[in-house]
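First the structure, in the form of structure tokens, and then the observations on it.
Read-outs: derived from the displayed coordinates by stated rules, not from any lab. Given the structure is predicted, the values throughout are model-derived calculations rather than measurements. Cβ sites come from the backbone with ideal geometry, for glycine too, and all protein chains shown count toward neighbours.
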Amino acid sequence: MYISDLTLSAFRAHDDFKISFGERINLITGPNGIGKTNLLEAIHYLCLTKSFVSARDATAIREGSDEFVIRGRFVDGGTQSRSVSLQYSKATGKTLQVNKATVERVTGHVGLLPVVVFSPDDYGITAGGPEERRRFLDNMLCQASKTYLADLQNFRHALKQRNSLLVQATSHTATFRSQLDAWSSEVVRHGARVINRRRTDISLINSYLHDSLEQLGLANEVPEMRYRSVPVGDVDRGTSSGGRDLSLEEIEERYFEALVEAGSNDMARRRTSVGPHRDELELFVNGRPLRNYASQGQHRTFAMALKLAKYHYLYKLCETKPILLLDDAFDHLDPERIAGYIHLIQDKLECQAFITTANPGVIESIVQWGDPNRHFNLSVMIGALEKE
């Protein structure tokens, strides 16, 4: 699947903008602030109905407008295609249409057009806090499984209600206890499903992570991801610390026990302290914690390997090649490393990719070592539009 056409109306830097893309590498250049990232963000909106830049849709509306509209045409490589339109209005919110039919629940759309974003912020996945790694894992699993997406949404709703109850509690009456028990049961029921899916998919993701490091020329490095979940104890390679795999029912039991044990602490702090929202995804290379021992360059390489593993994982489970969005991802790399990545994308993955940069050296390396289907200089394109 690839996107062939994109139209933007009142979206960030672009008032009325149309562009057609190639099936493989699309190089987007121009000075900072011209709107390169906006194009990638718009594609991401059409794929996942949300931005990778900001959590607030309203910030993407061009100044002076009340709404933005993004339209795109996706082709499956044959003759079939689908048109996707996303509109966000300050008055009515977000509306998604596929082939001119309104999509009532976006959960049914997520995963149909898989996408992977590469950016300088990826450094935070390996060097940042656990919330960065949970976000990375959740994004991957939500695109691959509508069941996981629903479980995660239900867990977050139940968690929000439980935390709200803890904050508002002034006395521990029978009514309060009854409501707390009810929401605790919902937190456990949905949270256990989230934990179970995370831990069972780690072994598959690990295999793709190892392959990805090999593709990046680091075959001697042995990577590993370990999922640590407080409710069920240490989880390593999909099993409990005792070496025995756990059933969903056993995870629920352990989670409930952990929640009861943390009851006094939760009451005092007025928030839920255990669950998948606090779990950790630990990264290792050759048995050593990446976060403590890796150099800055190793962090960047491992982050790139994680995103490549995500690509392979989504390709396997979604059964269609994800679109790659590389936003200034090559700006800190030397020409030899850039050449290796271009060769990988162009000759091995053979998927559609979008690369943005304002760096003349990066542009020269990509043009020298690759064969971009399209090279868009936004300064020239926008200048031509302004003259019309």
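Could I have the simple spin-label model distance between residue 83 and residue 104, label points 7 Å from Cα toward Cβ, reported in nm to one decimal?
In this crude spin-label approximation the distance works out to 2.3 nm.
With no solvent and one equal point scatterer per Cα, compute the Debye intensity ratio I(q)/I(0) for region 177-302 at 0.11, 0.18 Å⁻¹ and report its log10, rounded to two decimals.
-0.47, -0.94
Name the shape class, rounded, prolate or oblate, that the alpha-carbon gyration tensor gives for the chain, where a ≥ b ≥ c are the square roots of its eigenvalues, rounded holds for a/c under 1.5, and otherwise prolate holds if a/b is larger than b/c and oblate otherwise. It would help to have the intermediate numbers written out before the result.
Values: a/c = 2.14, a/b = 1.41, b/c = 1.52.
It comes out oblate by the Cα gyration axes.
On alpha carbon coordinates alone, what is the Rg over Rh value for region 58-142, Rh being the Kirkwood radius?
Numbers: Rg = 16.3 Å, Rh = 15.6 Å.
Rounded to two decimals, Rg/Rh equals 1.04.
Give me the number: length gained by fully extending residue 269 to residue 172, i.e. 0.36 nm times residue separation minus the C-alpha to C-alpha distance, one decimal in nm.
Once the chain is fully extended between residue 269 and residue 172, it gains 33.5 nm.
Determine the gain in length on full extension of the stretch residue 280-residue 332; use 0.36 nm per residue of separation and subtract their C-alpha separation, reporting nm with one decimal.
15.9 nm is the gain from fully extending residue 280 to residue 332.
Helix-only mean residue ellipticity at 222 nm, the chain, DSSP H runs n ≥ 4 weighted -39,500 (n - 2.57), per residue, nearest 500. What is it?
One gets -14500 deg cm²/dmol as the mean residue ellipticity at 222 nm.
What's the angle, to the nearest 10 degrees (0 to 90), between helix 36-48's Cα axis and the longest principal axis of the chain?
Compared with the principal axis, the helix lies near 50 degrees.
Taking the Cα-to-Cβ direction at residue 319 and at residue 94 and moving 7 Å from each Cα, how far apart do the two end points lie in nm?
2.6
How many nm is it between the label spots at residue 147 and residue 298, if each spot is 7 Å from the Cα in line with the beta carbon?
3.8
Can you tell me the order of 370-381, 111-122 when each peptide is scored by its average per-residue count of other Cβ atoms within 10 angstrom, highest first?
Result, highest mean first: 111-122, 370-381.
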